[in-house]
Structures are given as structure tokens and as C-alpha cells.
Number of protein chains: 2
Amino acid sequence: MTLRSPRRAVAAVQVRALDGDRVLDRPDKVVSEEPMEIRVHGPGQEPQALAVTMRTPGHDFELAVGFCRTEGILGSVDELDSVAYCLSGQAEQEFNVVTVTARHSVDLAGHERNFSVNASCGVCGKRTLDQLEQHCPAVADGPIVARSVFAQLPARLRAAQSVFDVTGGLHAAARFDEHGGLVALREDIGRHNALDKLIGHALLEHELPLASEILMLSGRVSFEMVQKAAMAGIPILCAVSAPSSLAIRAAERFGQTVVGFLRDDRANVYTRSERIDLAR
Amino acid sequence: MTLRSPRRAVAAVQVRALDGDRVLDRPDKVVSEEPMEIRVHGPGQEPQALAVTMRTPGHDFELAVGFCRTEGILGSVDELDSVAYCLSGQAEQEFNVVTVTARHSVDLAGHERNFSVNASCGVCGKRTLDQLEQHCPAVADGPIVARSVFAQLPARLRAAQSVFDVTGGLHAAARFDEHGGLVALREDIGRHNALDKLIGHALLEHELPLASEILMLSGRVSFEMVQKAAMAGIPILCAVSAPSSLAIRAAERFGQTVVGFLRDDRANVYTRSERIDLAR
């Protein structure tokens, strides 16, 4: 039984690294993020989709059987007949569908209600990105922002967070204008929730689309965050941590600028660096 | 339209703080984590469940309409008729169900397939915890572990991670034996996936339940992580960051020890501190 995924856990990207006065275009590595569908069936049953999760490729079979175990679908390894990649789909999602075959018949009724749901993507990154593009057109050109503005964002986010978050355990999503002024901030234990709250606030205030603003995130940038920002028309995303491979791919499609590892006067620009004015 | 949740974003807990040679039992605050169900309907339609998300209470209406917006169900605020708490359920889940009423009729077909799914809980923390307890009995008493063992875990986790993670963007879940020896480690961009991979590995190796082991997490401890650990029979959970309110409640039910903010010779013990031998 092979436990290594044929897909890569790390993806090579090109990054524009800003460090003080220096600008360096260089190759970099980011974590791969790809959707994986887990299918389950027993003897004589058709495989049924149990879950789709955004995962880093690697140990995919462990992930599939572990998920079945923690959901109570598999009790012990003796109940497991086999685990295999489903290779009948499109090449784009090859090795992104794993089928678990149990020795007993499997009833998934009831398991739907035990899932909490994150708005994210469908099975296949490619297909979903295509779908999204349809009801999510590319963002507007938006502003060109002075590099000095970016350097201020992490400290301003921290300062604003400290007012609200007494526990230190919350993710934040904040809107900044092109001059670095804080417009709004929301927090949640789930970063996708923090962003949905921020966008919901903008909707209720008649402010959508946020075509000239900067989104600053306390954590990392996943595909899901890029997608939600695109739905709100946000042209520039910044984060203290790294973006994933799929986040970068999605931002390229939607025409968004992604800035990662933003700390003091350092930053990595992964996409659409022309929105950053290096001279100011 | 009220935008503050009647439920609290922060919960008061009692913690045993270990700091060098000192042991201090004191009150502390943790982030609230509670399930929220979002229901949607149009004129003349019955409200339908769109999603359940584990969230921090607060700005619940923004979260509900923001989620509808980023899913493409609401276009602008003009399409929104009202947002309200559904108050007909159990007292336990009061203010945890939000109904969005649109001015147009709503078709949720197709939206299920756009969701990525995290194994987590159902609508109501209470009901789900009850359900879990049925097919997830309390963990075994397990070992009593020397306090000095805990102090070593963060550095050992980091050392093991640095071997695998060249990007710095991955969550880790690791198994340690009661003497602090690393048994296995898995990583993923999603921390729930890292833990499912770890448990899947144990299942395939015939090692379940992990009744004498310590689980060490690189991030924070959510309800979902406690639940998955309980399904694998793990008695002790440690993390570099904070646990949520619901994580603590679940760990109490399952009889697990939760250690948070584990850094060098400091740690906060939230539940079942008798598994830690302070004299060693």
C-alpha cells in the first residue's frame, strides 16, 4: 500500500521579495493546497462521496482512512478492505480522489449532519476555478499603493486586534484604504468566518464591491480566502504568513495582488506586483 | 438590526498555570467556539439549512449575510429582506441558528457541491456532544506523565517539523510516548487533516487506541481536534496555543487532559491535571 501521494506537497513559485530598499525576483516554495474527495463503499455498493477537504498532498490514504475512523465509519483496520486512488477522472484531478473500500456495508445517512461546512471549493481545483470565474469576474484594476503603506499594516492590525481580543486566540480580517487607514476589522476563531463577517458588514453598509481596498489577514492565505475576497471585489490581499499554491493560482485568475510574509519593511509579492509603487 | 450576539465571544475558565516551579490555580479567559447554523429562504419558501460553521459568537448576522454573499446567494443588500435569530429550538442552541430571508426565491441545489467539508460537529454543541459520547466513550485513565516531559515537547515538535516543512506554512500533529519520545508526525495545511493523517497511520499500523500517548499540536485546540483525538482514545492533548471554550467542554466530557500555551517550562492545564506529575 503506497502512502506517498504522487502529487507534490510543495510547489515552486516565483516571488518578488521586498527587503528594505532591495527588490529581488527569485524562486520560492509554497505549500501545496489541493482538494481531495474521499469516497466510501462496502461490498456490492457504489462508492459514495463522503467529504471534500482542502489538503496538502501526501499520506492521502492515511487521511482517507483516518477521516473514516474519526467519523466512526471504520472501527479498526480489520474492517478495511482497500484504499485506492480513483483514476477515472480528469487528469487535472488525478490522485485527488481516494476511495475507501470497507469489508462491511456502509451507510452514510446521518453523516452529512455531523459535518460542519466551510465555504470553499468543489472537488477539482481547475473545474471550480472555472466555475468561480463565471459568477466571480476578475477584480477591478484598483489603486496603486505606496510600498510604505504596506509596512504599516501588520502593526495597525495588531493594535486594532488587541482592543478586541483579550484571549490571543482569534484570527482577524481587516479592511484598509489605499493610504493605510483602517476601515473595519472582524475576528473569529475561524479565519473564513472573520472574512465573511467583514464582507457581510460591507454588504449591510452598501459598500460592496471593495474595489479600492486592501485586505489584511492575521494568518495565512488559503484558496478559500482568495475566493471570498474576489467575491467582494478586493484587489489586494496581505498576510503575515504564507499563501498556498492554490491561493496564488486563484489570485492570478482573479487578477488580485497577493502579499505574504508582510513584516515591517519586508514582504513577498506573489502576484500582480504592479499595484505596489516601489518609489513611494 | 442588532449586530451583537447575545452569546459571549469569550468564556471564563479555571486554569492550572505552571510556571517554572510555581503552580497557580486561577481564572482565565478563552475564545468561545460555538456552532452556528445558517438558514436561507425566499418569499413563501421554508427556511433551509445552508451551512453549519464553528464560529466565535459576535456579528452573527454579518457572518450569515457575508456567507450568503461569498457563496453567491445574495448579490447586494437590496436582495436582503431580513436576518433574524431562530428562537424556536432548545435553549442550549439559542442564538446559534440564524435565518436569512431574501427578497427573491432561493435555490440551494448545487451549493452542497461547492462546499468543502470538515468533520466537526452538528448544529448544537450539546446535542452533538451527547451523540459523540455514545459512539465515543471516555478515554482510558492512561499514564501519569512527568511535568519535565511536557517542557520538551514544543522543541521536539519544531525539530521534527523542520525536517519536513521547508515552507513554514504547515500545521503539525504529533504523537509522543509518555517519556517524550516522538512516535509519529504528520503535517498539512489543514490542522484537522494533519490529525486525520496521524490517526489513519495509527489505524493502518494496528495501533489504535492510542491510550497511553500524548498528542502535540502546532496550533490551537478546537472542538474538532478534541473530538478526533477522543475517537482515537488519546488521553492527553498539548498545544502551543490556546484551546477554545468548546474544546475544553468536550475534553471534560471525554476525560482528556488539555494543556495549552505549552512553551519551555510554562503551560496552562485546562482539564484533568491529575495526569501531570508535578514532582518529576
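Looking only at the range B:211-244, filter to residues that are in a loop (DSSP other than H, G, I, E, B) and touching a Leu at 6+ places or on another chain (Cβ under 9 Å); which one of those is farthest from the other protein chains (Cβ to nearest Cβ)? Walk me through how you get there before you give the answer.
The first filter runs over the range B:211-244 and keeps only residues in a loop (DSSP other than H, G, I, E, B), leaving B:211-213, B:218-220, B:222, B:232-235, B:240-242, B:244.
Narrowing further to those that are touching a Leu at 6+ places or on another chain (Cβ under 9 Å): B:218, B:222, B:232-235, B:240-241.
Values: B:Ser218: 13, B:Ser222: 7, B:Ala232: 7, B:Gly233: 11, B:Ile234: 11, B:Pro235: 16, B:Val240: 12, B:Ser241: 7 Å.
Checked the range B:211-244; the qualifying residue farthest from the other protein chains (Cβ to nearest Cβ) is B:Pro235.
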- Item | Single match in A:Arg16, A:Arg55, A:Arg22 (criterion: closer than 25 Å to B:Gly233 by Cα and of a type in the set (D, E, K, R)) | A:Arg55
- Query: Which pairs have Cβ atoms under 9 Å, sit 6 or more apart or on different chains, and link a residue in the range B:30-54 that is farther than 15 Å from B:Glu94 by Cα and within 10 Å of another protein chain (Cβ to nearest Cβ) to one that is surrounded by fewer than 17 Cβ atoms within 10 Å (Cβ to Cβ) and among the small types (Gly, Ala, Ser)?
  - Reply: B:Val30/B:Ala12; B:Val31/A:Gly168
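Given the criteria open to solvent by less than 10 Å² (accessible area, probe 1.4 Å) and modelled with pLDDT of 95 or more, does A:Ala230 qualify?
no
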- Which one of these does B:Asp21 not meet: (1) without any contact (Cβ under 8 Å) to a residue 12 or more places away in the chain; (2) more than 30 Å from B:Arg272 (Cβ to Cβ); (3) more than 8 Å from every other protein chain (Cβ to nearest Cβ)? (2)
- Task: Would you check if there is a residue in the range B:168-187 being under 27 Å from B:Asp264 (Cβ atoms), in a helix (DSSP H, G or I) and at pLDDT below 95?
- Result: no
- For A:Val65, work out the one condition from (1) modelled with pLDDT of 90 or more; (2) more than 9 Å from chain B (Cβ to nearest Cβ) it doesn't fulfil. (2)
- Message: If I filter the range A:42-65 for residues that are in contact with a strand residue (DSSP E or B) (Cβ under 9 Å, 6 or more places away or on another chain), open to solvent by 10 Å² or more (accessible area, probe 1.4 Å) and of a type in the set (Lys, Arg), do I get at least one hit?
- Response: no
- Answer yes if at least one residue in the range B:68-88 is part of a helix (DSSP H, G or I) and under 22 Å from the mean Cα position of the chain (by Cα), and no otherwise. no
- Can you confirm whether the range B:168-189 contains a residue that is at the interface with chain A (Cβ under 8 Å from one of its Cβ atoms) and surrounded by fewer than 16 Cβ atoms within 10 Å (Cβ to Cβ)? yes
- Message: Tell me yes or no: at least one residue of the range A:227-250 is over 19 Å from A:Val183 (Cα atoms) and β-branched (Val, Ile, Thr).
- Response: yes
- Spot the failing condition for B:Pro6; the list is (1) open to solvent by 40 Å² or more (accessible area, probe 1.4 Å); (2) within 13 Å of chain A (Cβ to nearest Cβ), and only one is missed. (2)
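Does the range B:127-140 contain any residue that is modelled with pLDDT of 90 or more, under 22 Å from B:Ser222 (Cα atoms) and open to solvent by 10 Å² or more (accessible area, probe 1.4 Å)?
Yes, that holds for at least one residue.
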- Taking the range B:190-210, which residues are within 11 Å of another protein chain (Cβ to nearest Cβ) and assigned to a loop (DSSP other than H, G, I, E, B)? B:Gly190, B:Glu205, B:His206, B:Glu207, B:Leu208, B:Pro209
- Message: Exactly one condition in (1) surrounded by fewer than 24 Cβ atoms within 10 Å (Cβ to Cβ); (2) modelled with pLDDT of 95 or more is false for A:Gln256; which is it?
- Response: (1)
- Query: What single numbered condition from (1) within 19 Å of B:Arg191 (Cβ to Cβ); (2) open to solvent by less than 10 Å² (accessible area, probe 1.4 Å); (3) outside any loop (DSSP other than H, G, I, E, B); (4) touching a residue at least 24 places away in the same chain (Cβ under 8 Å) fails to hold for B:Val269?
  - Reply: (1)
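The values are calculated or read from the model by the stated rules, or taken from the named source; none is laboratory data. All values derive from a computational prediction rather than experimental measurement. Don't worry about glycine lacking a Cβ; one is built from the backbone with ideal geometry, like all the others, and counts go over all protein chains shown. Ligands, DNA and RNA are excluded from the accessible area calculation, which covers all protein heavy atoms including side chains. Shrake-Rupley method; radii C 1.70, N 1.55, O 1.52, S 1.80 Å.
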